[in-house]
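The values are calculated or read from the model by the stated rules, or taken from the named source; none is laboratory data. Owing to the predicted nature of the structure, the values given are computational and were not obtained by experimental measurement. Heads up, the Cβs are rebuilt from the backbone with ideal geometry, glycines too, and the neighbour counts pull from every protein chain shown. In case anyone asks, the SASA skips ligands and DNA or RNA and just uses the protein heavy atoms, side chains included. Shrake-Rupley method; radii C 1.70, N 1.55, O 1.52, S 1.80 Å.
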Amino acid sequence: MENALRIGLSRQMALQTRMNVIANNLANINTAGFKRDSVHLEEFRMPIAEMTELSGRDKALSYVHDRAVLNNMTEGPMRQSGNDLDIAISGKGWFTINTPNGPRYTRNGEFKLSNEGILVTNAGHPVLGTNGQIAFGPNETGITIARDGTITTNEGNKGTIRIVQFKDEQALNKDGFNLFNTNEAPAVVEAPNILQGMVEQSNVKPVIELTNMIETTRAYTTQARMMQKSEELKSDAINRLAQVPS
């Protein structure tokens, strides 16, 4: 009975993690460049626990383990914004962002100009070009961003946006503000496909997430009922054994 409850509890904990991930996905449906997460569940065989009350060979106990949260790096749909500072990457690549904690990476191309004329994210972190930060003068107009990331204005060339890629994108870890961090060295994308005036939307599909939420809720409820039934059987067995024949 105790083993059944522990195994059931491990499944409930894994389902709770999955529900938290689904809720976070749904909360970021409208976050530009957001990449949905999914929970990878696997069997964990307890190395020391044994079902010694069974005859024959002892049976190993299998628990549920939420091994990892995986990022879905598929490209999200594109939306035309009409803002010259909004840019999207079609295909492979990541923007490089300069933060106080070092370089970070994102697919969110909703950029703006700071009070100093620096191209920054919505959180105020500078967007890096191939030669560092990208700055504009107060009188510059006609900002044009070519498909290779080259930026020009009425005053000429302002630099090229730095687009990088990684051999293993699953090594990227979410680091807040829709940024990613990794220990893997990035490689520069030689021929990126940059779209000016476009924004890559979240790759979260609401129907799929709501379906996953319903399935997770039902599985959690079913597991709770099974654990309750197990406790009732245990209590009934104890009561029967405690009865003294008259």
Seminar exercise, completed: Cα-Cα pairs in the stretch 151-246 separated by more than 16 Å, as a whole percent of all pairs, come to 80
For this session: Kindly give Rg over Rh for the chain, based on alpha-carbon atoms, with the Kirkwood expression for the hydrodynamic radius.
Result: 1.22
Exercise. Counting only protein heavy atoms, what percent of the accessible surface of the chain is carbon or sulfur at a 1.4 Å probe?
Worked result: 51
Exercise. Measuring from label point to label point, each 7 Å out along Cα→Cβ, what is the Gln80 to Lys205 span in nm?
Worked result: 2.6
Exercise. With +1 on each Lys and Arg Cβ and -1 on each Asp and Glu Cβ, how big is the dipole of the chain about its Cα centre, in debye rounded to the nearest 20?
Worked result: 520
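Per 0.36 nm of contour for each residue apart, how much would the distance between Ala146 and Asn115 grow if the chain were fully extended, relative to their Cα-Cα spacing?
Details: separation 31, 0.36 × 31 = 11.16 nm, distance 2.43 nm.
Gain on extension, Ala146 to Asn115, equals 8.7 nm.
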Exercise. Cα centroid distance between the stretch 145-201 and the stretch 96-137, in Å?
Worked result: 11
Exercise. So what is the calculated 222 nm ellipticity per residue for the chain, using -39500 (n - 2.57) for each DSSP H run with n of 4 or more, over all residues, to the nearest 500 deg cm²/dmol?
Worked result: -9500 deg cm²/dmol
For this session: Report, please, the projected area of the stretch 114-179 averaged over directions, based on the convex hull of its C-alpha atoms, in nm².
Result: 5.5
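Could you work out the relative contact order of the chain? I mean the mean sequence separation of Cα pairs under 8 Å and 6+ apart, divided by the number of residues, in percent. Don't skip to the end; give the middle numbers.
Numbers: 450 pairs, mean separation 63.1, N = 246.
Here the relative contact order equals 26 percent.
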Seminar exercise, completed: The answer for the stretch 133-191, accessible area per residue at 1.4 Å probe in Å², is 58
Exercise. At what distance in nm do the modelled label points of Asn181 and Thr217 sit from each other, each positioned 7 Å from its Cα along Cα→Cβ?
Worked result: 3.5
